[in-house]
Amino acid sequence: MATTATSLFATAEIRAADPGWGRLKGQFVYNGDPPAREMLTITKDIEVCSKTPPMSEALLVDSQTHGLANVILWLDPSANTTVPVHPSYAATATKKIVLDNSGCRFEPHVCVMRPTQTLVIGNKDEVDHSAAVLLTKNDSFNVVVSKQGQQERHFKFSEKLPAPVVCPIHAWMKGYLIVKDHPYVAVTDAKGEFDLQNVPAGEWTFRVWHELPAYIPEAERNGTAEKWTGGKLTVKIVDGKATALGTIRLKPELFAGKK
């Protein structure tokens, strides 16, 4: 069954009508002084988990650029709209996507995959972990991953929102899993930057999300205030060109009191 699904996915990518392709990039910035990171309380397996004292990853702001990490932006097509996918993405259609337990934290903090790919939940630590993922379209699960072991999971459907990933054994651990049926998902890096390649040309709606406020409702872009109802941002991708969203500044109040 997996082979058939993969074959169909790759064929759809290669045979998709060529709309032309562009690029989307930008930077999200925390418009205030970088907040101090919260030290998390270790309640179990202290000898192992205290080797690298865990700190909250809910709000990561670069001290130099004020760039905001882990802002998620994804192309959100209207109902019954098929998103053309560039043939270059066929090479990763069956890739194994690794979500590790490492240093008693999830790595990466935000994990992105497609339904044709396989999620590998690994464990580099010398203690057992578990991974509990609450999903809406696919079956939720909670698996134990023994030390130096791994578990694999497959998904049939795209998920509307990032799904929280927690470890019931170590309550402070948290990450997010994103499952989309297209590859046009970006997660900002440590400097708040993102760069989506080979996006289909045309006018598209993107959603912007962060784990604290969820959908980003408003922003200042290139000096102009904008309202993003439901985190929606309309962008025109031009064939053969890079569309730069520029510097997107987010108010500290958006993240207050939600850690």
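Since every read-out is calculated from the coordinates, none of them should be taken as a lab result. All figures in this text were calculated on a predicted structure; none of them were measured in a lab. When we count neighbours, we look across all protein chains shown, and the Cβ atoms used for this are built from the backbone with ideal geometry, even at glycine.
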Long pairs among LYS95/LYS251; LYS96/LYS147; LYS174/LYS251; LYS95/LYS174; LYS137/LYS241; LYS156/LYS251, criterion Cα-Cα beyond 28 Å | LYS95/LYS251; LYS137/LYS241; LYS156/LYS251
Using the Cα centre as the reference, give the magnitude of the dipole from point charges on the C-beta atoms of the stretch 191-259 (Lys, Arg: +1; Asp, Glu: -1; all else neutral), rounded to the nearest 20 debye.
-> 160
Within the chain, helix-based [θ] at 222 nm, where runs of 4 or more DSSP H residues each add -39,500 (n - 2.57), nearest 500 = -2000 deg cm²/dmol
Amide H to amide H under 5 Å from PHE206: which residues, 5+ apart in sequence or cross-chain, H placed 1.01 Å off N in plane?
-> ASP76, LEU233, THR234, VAL235
Between the stretch 192-259 and the stretch 109-181, what's the alpha-carbon centroid distance in Å?
-> 26
Averaging 1/r across every pair of distinct alpha carbons in the chain and inverting yields a Kirkwood hydrodynamic radius, in angstrom, of 19.5
Applying a 4.7 angstrom Cβ cut-off across the chain, unpaired cysteine residues come out as CYS111, CYS167
